[in-house]
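Report on the following structure.
The values are calculated or read from the model by the stated rules, or taken from the named source; none is laboratory data. Predicted model only: the values in this text are computed from it and were never measured. Note that each Cβ is placed from the backbone with ideal geometry, even for glycine, and that neighbours are counted across all protein chains shown.
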């Protein structure tokens, strides 16, 4: 299993000088969670952006990274606003892998509970899911075609 960390709210931290949240170029949030697990999971950081800043080139790079991996199960930590676009792109590649997208609505650095729960659920789900592209968020988990972010309600739902 491989976790690919692309950034997003999951990883954001507060910059007291600028007075704003930013996506750091590190894997500190994910590493903190993985320290508590008893299974060995590889971690690769790429892109490090808010998903609203991701473009077609970033999605191409993400797809290439997933395709090049020997892992049959890949967890992608991704921002929630365009998670569905990246999931659809990865699905279009028709890779013979299980790819599970997850993230969080609140940064790990502010409240680690949601990010930890979402990543933990994604890892467990990924170990038993069928090949294809999935989303696991806030206890909602299925094919990316059946799970969408309801932006007006601020939560993920089955569709």
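Key figures
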item	result
Residue 63 vs. criteria within 13 Å of the chain's Cα centre (by Cα), at negative phi and surrounded by 12 or more Cβ atoms within 10 Å (Cβ to Cβ)	no
Residue among 71, 94 that alone is under 22 Å from residue 57 (Cβ atoms) and surrounded by fewer than 23 Cβ atoms within 10 Å (Cβ to Cβ)	94
Residues of region 1-28 satisfying the condition of being part of a helix (DSSP H, G or I) and either in contact with a strand residue (DSSP E or B) (Cβ under 6 Å, 6 or more places away or on another chain) or within 16 Å of residue 101 (Cα to Cα) (or both)	9, 10, 11
Those residues of region 34-62 which are touching a helix residue (DSSP H, G or I) at 6+ places or on another chain (Cβ under 6 Å) and assigned to a helix (DSSP H, G or I), in sequence order	59
Residue list for region 91-115, restricted to those being more than 11 Å from the chain's Cα centre (by Cα), outside any loop (DSSP other than H, G, I, E, B) and in contact (Cβ under 8 Å) with a residue 24 or more places away in the chain	91, 98, 112, 114
Some residue of region 48-57 being over 16 Å from the mean Cα position of the chain (by Cα) and over 24 Å from residue 15 (Cβ atoms)	yes
Matching strands (runs of 3 or more DSSP E) fully within region 116-159 where at least 3 residues are within 16 Å of the chain's Cα centre (by Cα)	132-137, 140-143, 147-150
Qualifying positions in region 118-150 - within 21 Å of residue 9 (Cα to Cα), without any contact (Cβ under 8 Å) to a residue 24 or more places away in the chain and surrounded by fewer than 19 Cβ atoms within 10 Å (Cβ to Cβ)	121, 139, 140, 150
Pair list, Cβ under 7 Å, 6 or more apart: region 27-51 residue at positive phi and at pLDDT 95 or above, other residue assigned to a helix (DSSP H, G or I) and surrounded by fewer than 17 Cβ atoms within 10 Å (Cβ to Cβ)	47/61
